[in-house]
Ligand code: FAD
């Protein structure tokens, strides 16, 4: 298979012009523009549901490239990876193949907010994604740059409404037709790179930005509202020039936990994992930042950057005099480079070198590749439906950084959902939305389309109000059956595995419930456990698991004839038992939200002439955002409870 990939890759990268012209004037069900994390998941998902798909990207060689940190997951982001995997996306399996240092963040807190994370080998990650994509049935991949959208003339009945009909390539102006196009241009839309006082056009170091024609199509022809955001990356450091004895060693988990529900182990063996190191900034770092400010155009600009992943310049300016963490992370299994997380910077190269050498462990360090910043256009995401299609352009979908998010996981999650919906549109099926009650993907999209963004959006567990139900461990139970039965994006082996697990968990919990004893009897049975005898009533095996010190294995060893068949689900059973009371309580609130979500608001409502009592301010907000359901309207800032009651009356009256 790998040989096949290499031959195809070689063929495609050497014959891109021929390949591009060979697909010219052809019609595809779905065209995906961009081969980043959003584009690859979008293309794969559209293909999985049966759509004939074309992926056009500037360079095949960079498909699946990790532009910044070689890591995946974390708190909130790890949940997204698990959900993408539960819907049969690529990211989780790619992470298991490429990971070189696995850890579960937040272990000391409850499993609902655990953050599965891995440090990756860049080369392996790309290799996995390319291998999957270039061998996928119904998917054609070509190298090329899309410079414009083909759009049918607006319907005179509906001024401002357009329909996409395809794309036009930059070289030779070839046109390729499709009724569903997904744009996933990442940091490339009108992208500019910054280092010191130097600015140059680019989407990423060494790669040109998206053609200006595309921005023109979006802004001038389609009348979309665009904004501008920025981000940056640290210099890469030559590993052998670092003095690790002056940093703190940080070991991975002894047993790596795979991201994917269908993997029992990771490609990297536990003993092959590579450690990370932690060090800190010094007052010298602050000094260099201040001395270089006048030579640093990126930091001087008002454009908003990622608040939770700020540059060292922003950190020093916001928290003067503070010591900041710097993680020295491997770039790969055999890489000679290190990624200094926390040192994203855009000052001139000579100042970058001075700055890193102010850190004791890096006092003799050399820079292999300088840090730099990028500024790019994004499309304000309130212009999207929850199925990621633009409200004013039939068939045009957007996913990833182009919607104002930051991060591979946020991009992949949107890409997958846009791919499913673009495929469904092309195959004449109605669009689908994911609710906040069932997934982090639903939370992410609902936040984007409901509130828009003022700074790069990243996922946190605190954004999910039902996080005790939306746990990383149960993403397969929440989404895989839906993905197979309703959407058709999940393969049958994965579905059968999820059904087997669901059955096993349900049987194990019933068996645990059937074992009831007094606390004193339990104490005798589980001699190692610390059980308070305050309760006089009988306690079930399931309730016993709610004690911190009681594991499923302990209970199973006391009742092997009943429970030993379920030992493989040991950790999951414990988590289910611990969370069951919280989840049952949450269920009622989730039901209420689902009811509100089921009351749709027609996309064409004229809020200014709606014959109900609404203030001008509320009418303006509703007109601007056009929430697709009553639930979404309720979450809009500025829409009062009274306005919601009037809207509810209107919706129920008009059916
Ligand atoms: P990308 O991964 O950017 O992929 C876009 C793809 O589209 C590319 O393959 C490109 O070639 C292709 N493309 C663009 N225009 C066209 C066109 N017209 N025709 C054909 N193909 C096209 N994220 C964080 O979470 N934290 C960070 O600190 C961080 N720092 C970053 C620093 C830098 C310098 C960069 C470049 C990115 C950084 N990111 C960071 C962002 C992270 O890389 C993105 O969030 C993620 O890659 C977005 O995925 P995407 O699929 O939307 O776009």
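Candidates in the range 194-207 are the residues that are within 28 Å of the chain's Cα centre (by Cα) and surrounded by fewer than 16 Cβ atoms within 10 Å (Cβ to Cβ); of these, the one that is nearest to the ligand (Cβ to nearest atom) is 205.
Here's the yes/no breakdown for (1) free of Cβ contacts under 8 Å to residues at least 40 places away in the same chain; (2) more than 16 Å from the ligand (Cβ to nearest atom); (3) over 30 Å from residue 327 (Cβ atoms):
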residue: 215; (1), (2), (3): no, no, yes
residue: 228; (1), (2), (3): no, no, no
residue: 234; (1), (2), (3): no, no, no
residue: 242; (1), (2), (3): no, yes, no
residue: 249; (1), (2), (3): yes, yes, no
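Here is the figure for the range 2-47: residues that are surrounded by 18 or more Cβ atoms within 10 Å (Cβ to Cβ) and modelled with pLDDT of 50 or more total 23.
Which of the residues that make up the range 397-417 are part of a helix (DSSP H, G or I) and within 11 Å of the ligand (Cβ to nearest atom)?
If the condition is that a residue be part of a helix (DSSP H, G or I) and within 11 Å of the ligand (Cβ to nearest atom), then 400, 401, 402, 403, 408, 409, 410, 411, 412, 413, 414, 415 are the ones that fit.
Here the range 270-282 is the region considered, the condition is being outside any strand (DSSP E or B) and in contact (Cβ under 8 Å) with a residue 40 or more places away in the chain, and the residue that is farthest from residue 117 (Cα to Cα) is 282.
Just one of the listed residues (400, 321, 342, 395) is on the phi > 0 side of the Ramachandran plot and without any contact (Cβ under 8 Å) to a residue 40 or more places away in the chain, and it is 321.
Residue 573: surrounded by 18 or more Cβ atoms within 10 Å (Cβ to Cβ) and modelled with pLDDT of 95 or more, yes or no? For residue 573, the condition - surrounded by 18 or more Cβ atoms within 10 Å (Cβ to Cβ) and modelled with pLDDT of 95 or more - is met.
Would you confirm, using the coordinates I've provided, whether residue 293 is within 16 Å of the ligand (Cβ to nearest atom) and over 25 Å from residue 84 (Cβ atoms)?
On the way: within 16 Å of the ligand (Cβ to nearest atom): no; over 25 Å from residue 84 (Cβ atoms): yes.
It is false that residue 293 is within 16 Å of the ligand (Cβ to nearest atom) and over 25 Å from residue 84 (Cβ atoms).
Name the one entry in 112, 43, 94, 65 that is part of a helix (DSSP H, G or I), closer than 19 Å to residue 188 by Cα and either touching a residue at least 40 places away in the same chain (Cβ under 8 Å) or within 16 Å of the ligand (Cβ to nearest atom) (or both). None of the other options fit; the residue is 43.
Exactly one condition in (1) part of a loop (DSSP other than H, G, I, E, B); (2) surrounded by fewer than 24 Cβ atoms within 10 Å (Cβ to Cβ) is not met by residue 473; state its number. The one condition residue 473 does not meet is (1). Taken together, the criteria place residue 517 among residues that are more than 16 Å from residue 89 (Cα to Cα) and in contact with a helix residue (DSSP H, G or I) (Cβ under 8 Å, 6 or more places away or on another chain).
Residue 373 meets each of the listed conditions (1) buried (at least 23 other Cβ atoms within 10 Å of the Cβ); (2) in a helix (DSSP H, G or I) apart from (2).
Taken together, the criteria place residue 72 among residues that are under 15 Å from the mean Cα position of the chain (by Cα), within 13 Å of the ligand (Cβ to nearest atom) and in contact (Cβ under 8 Å) with a residue 60 or more places away in the chain. A single entry from 176, 142, 182 fulfils the requirement of being touching a strand residue (DSSP E or B) at 6+ places or on another chain (Cβ under 8 Å), under 30 Å from residue 332 (Cα atoms) and either free of Cβ contacts under 8 Å to residues at least 12 places away in the same chain or not in a helix (DSSP H, G or I) (or both): 142.
So, of the residues in the range 158-173 that are outside any strand (DSSP E or B) and more than 8 Å from the ligand (Cβ to nearest atom), which turns out to be nearest to the chain's Cα centre (by Cα)? So that I can check it myself, show each step before the final result.
First, the residues of the range 158-173 that are outside any strand (DSSP E or B): 158-161, 170-173.
So of that shortlist, the ones also more than 8 Å from the ligand (Cβ to nearest atom) come out as 158-161, 171-173.
On the way: 158: 35, 159: 35, 160: 31, 161: 30, 171: 32, 172: 35, 173: 33 Å.
Taking the candidates together, the pick is 161.
The values are calculated or read from the model by the stated rules, or taken from the named source; none is laboratory data. This is a predicted model, so every value here is computed, not measured. Using ideal geometry, Cβ is built from the backbone for each residue, glycine included, and neighbour counts are taken over all protein chains shown.
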